[in-house]
Amino acid sequence: MAVRLFEDKEHANLYWKYRISPSEELIEKVLQFHRSNKNSANDLAVDVGCGSGQGTLLLAPHFTRVVGTDISPAQLEMGRKHVNVSNISYRESPAEELPFEDGSVDLVTTMSAFHWFDSSRFLQEAHRVLKPHGCLAILNYTMNMELSYGDCSETLNHICKEVGIITVAFLTFQCLSAV
Ligand SMILES: C[S@@+](CC[C@H](N)C(=O)[O-])C[C@H]1O[C@@H](n2cnc3c(N)ncnc32)[C@H](O)[C@@H]1O
């Protein structure tokens with residue numbers, strides 16, 4: 001199971017110590033894309049598979065509320081301890097069952113974690129929780145993987161291949177369903 005690696009407290013401690021944060025430039029690109037939709041809002045961002053919160057932290061200045069979710073209690077414990085900012089909270093949950101209402105989230109990010117998830121169940125969940133003009137940003141070191149989501153699969157894979165060179169893929173479900 002993917003999560004085993006991160007279950008151990010010692011591993012989570014080392015992860016916190018040595019994990020390099022995603023760059024601010026990368027997050028800025030995500031935010032630019034998010035803002036480019038004139039109906040976008042900045043109420044709630046959710047960082048799925050947030051680990052010890054290094055990437056989650058970068059979202060905090062831009063949203064009223066940021067929630068980091070992860071399946072590993074040990075990782076979340078590190079986040080709560082070290083990335084303790086007033087508008088960030090943490091929830092233990094699998095990426096495939098997000099603890100949010102339908103249509104309630106403005107931005108879903110997942111940073112270096114997507115490859116651990118059941119990708120089609122996660123994409124379904126992200127679609128469910130996002131507001132109609134919400135944005136999903138998948139940030140990974142490699143997008144060398146096949147994505148499958150209803151009749152958007154071809155477009156999704158095209159976007160990933162095209163944007164993969166800068167190791168980031170942005171997907172808005174609104175755009176995708178309009179394609
Ligand atoms: C490589 S770490 C990335 C952590 C963080 N996003 C970062 O950029 O530092 C992957 C994280 O995904 C979490 N994870 C793995 N499978 C998961 C799942 N099915 N649902 C939620 N989190 C999961 C792990 O516990 C781990 O914290």
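The numbered conditions (1) touching a His at 6+ places or on another chain (Cβ under 9 Å); (2) closer than 20 Å to residue 34 by Cβ; (3) at pLDDT below 75 are all true for residue 171 except (1). For the range 1-58, the tally of residues that are more than 21 Å from residue 131 (Cβ to Cβ) and of a type in the set (Val, Ile, Thr) stands at 2.
So that you can scan it fast, the table gives a plain yes or no per residue for (1) at pLDDT below 90; (2) of a type in the set (Gly, Ala, Ser); (3) more than 10 Å from the ligand (Cβ to nearest atom):
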position	(1), (2), (3)
12	no, yes, no
15	yes, no, no
23	yes, yes, yes
29	yes, no, yes
36	yes, yes, yes
52	no, yes, no
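Being farther than 25 Å from residue 18 by Cβ, small (Gly, Ala, Ser), in contact (Cβ under 8 Å) with a residue 40 or more places away in the chain and more than 12 Å from the ligand (Cβ to nearest atom) holds for only one residue in 104, 120, 153, and it is 104.
Would a scan of the range 62-82 turn up a residue that is within 15 Å of the ligand (Cβ to nearest atom), touching a residue at least 60 places away in the same chain (Cβ under 8 Å) and over 28 Å from residue 7 (Cβ atoms)? No, the range 62-82 contains no residue that is within 15 Å of the ligand (Cβ to nearest atom), touching a residue at least 60 places away in the same chain (Cβ under 8 Å) and over 28 Å from residue 7 (Cβ atoms). Per this entry, residue 47 is counted among residues that are within 11 Å of the ligand (Cβ to nearest atom) and not β-branched (Val, Ile, Thr). Can you name the number of the only condition in (1) within 20 Å of residue 32 (Cα to Cα); (2) at pLDDT below 95 that residue 113 fails? Condition not satisfied by residue 113: (1).
Scanning the range 83-101 for residues that are at pLDDT below 95 and either under 20 Å from residue 123 (Cα atoms) or surrounded by 13 or more Cβ atoms within 10 Å (Cβ to Cβ) (or both) gives no hits. Here residue 56 does not qualify as more than 9 Å from the ligand (Cβ to nearest atom) and among the hydroxyl-bearing types (Ser, Thr, Tyr).
The values are calculated or read from the model by the stated rules, or taken from the named source; none is laboratory data. For clarity, every value in this text was computed on a predicted model and none was experimentally measured. Because the Cβ atoms are built from the backbone with ideal geometry, glycine has one as well, and the counts that use them run over all protein chains shown.
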